[in-house]
Amino acid sequence: MAASTEHPVSHSTLAFGRIYADDDGESHFGALSFDMVERNFAPPAPPFWVSRMDEAVRQGFLVVPTGWVGDPHPAPMRMWIFLLDGEMEFETSDGERRALVPGSTLLLDDTSGKGHRSRVIGGNIATLAMVEMPVLGR
């Protein structure tokens, strides 16, 4: 079977989850999306889909032990998390819960207010990559 050279329409936008605080300090899940543009990003390799490139402050890795529970807390910084291994659950102050599995991505944008609850679920540690993002408006 020959490989397809067509670019699926689904690559024109990528969507990710986000936790944010509203004006009353309640945290909620939301969504944000990034437009993708086909670019010659790594010549001489063929072009592929690329989003805008945002500034980052720093990056690192987190290893969270089995059974760890973070009672309601604001995010310590505005950051993207990328779950590499294990499973975690996040609960916003409005009561909504979402489980993350390896490959999941979430922007923690609730640096004020009531925050969110997070915990490791399942029987394994959770390994995450994180990227600190600048505070909006700075």
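The values are calculated or read from the model by the stated rules, or taken from the named source; none is laboratory data. These numbers come from a predicted model, not from an experiment. Ideal geometry is used to build each Cβ from the backbone, glycine not excepted, and the neighbour counts take in all protein chains shown.
Annotations
- When the range 52-98 is filtered for residues that are within 25 Å of ASP24 (Cβ to Cβ) and among the charged types (D, E, K, R), the ones remaining, listed by number, are ASP71, ARG78, GLU89, GLU91, ASP94, GLU96, ARG97, ARG98.
For every residue, the table says whether it meets (1) within 23 Å of LEU14 (Cβ to Cβ); (2) of a type outside the set (S, T, N, Q).
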{"site": "HIS28", "(1), (2)": "yes, yes"}
{"site": "SER33", "(1), (2)": "yes, no"}
{"site": "ARG39", "(1), (2)": "yes, yes"}
{"site": "ALA56", "(1), (2)": "yes, yes"}
{"site": "PRO74", "(1), (2)": "no, yes"}
{"site": "PHE90", "(1), (2)": "yes, yes"}
{"site": "SER93", "(1), (2)": "no, no"}
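- Top-ranked residue of the range 118-138 - restricted to ones that are under 15 Å from the mean Cα position of the chain (by Cα) and not in a loop (DSSP other than H, G, I, E, B), ranked as nearest to ARG78 (Cα to Cα): GLU132
- Within the range 114-138, residues that are farther than 22 Å from THR66 by Cβ reach partners that are among the hydroxyl-bearing types (Ser, Thr, Tyr) with beta carbons closer than 8 Å, at six or more positions or on different chains, in the pairs LYS114/SER27; LYS114/SER93; GLY115/SER27; GLY115/SER93; VAL135/THR111.
- When the range 68-92 is filtered for residues that are among the aromatic types (Phe, Trp, Tyr) and closer than 12 Å to LEU106 by Cα, the ones remaining, listed by number, are TRP80, PHE82, PHE90.
- If the condition is being surrounded by 15 or more Cβ atoms within 10 Å (Cβ to Cβ), in contact with a strand residue (DSSP E or B) (Cβ under 7 Å, 6 or more places away or on another chain), over 18 Å from GLY60 (Cα atoms) and of a type in the set (Ser, Thr, Tyr), then the range 108-138 contributes only SER118.
- Qualifying residue in the range 42-63 (condition: exposed (fewer than 14 other Cβ atoms within 10 Å of the Cβ), among the aromatic types (Phe, Trp, Tyr) and in contact (Cβ under 8 Å) with a residue 12 or more places away in the chain): yes
- Scanning the range 1-31 for residues that are modelled with pLDDT under 95, small (Gly, Ala, Ser) and not in a helix (DSSP H, G or I) turns up ALA2, ALA3, SER4, ALA15.
- Within the range 79-107, the set of residues being surrounded by 15 or more Cβ atoms within 10 Å (Cβ to Cβ), under 16 Å from PHE16 (Cβ atoms) and of a type in the set (Gly, Ala, Ser) comprises just one member, SER104.
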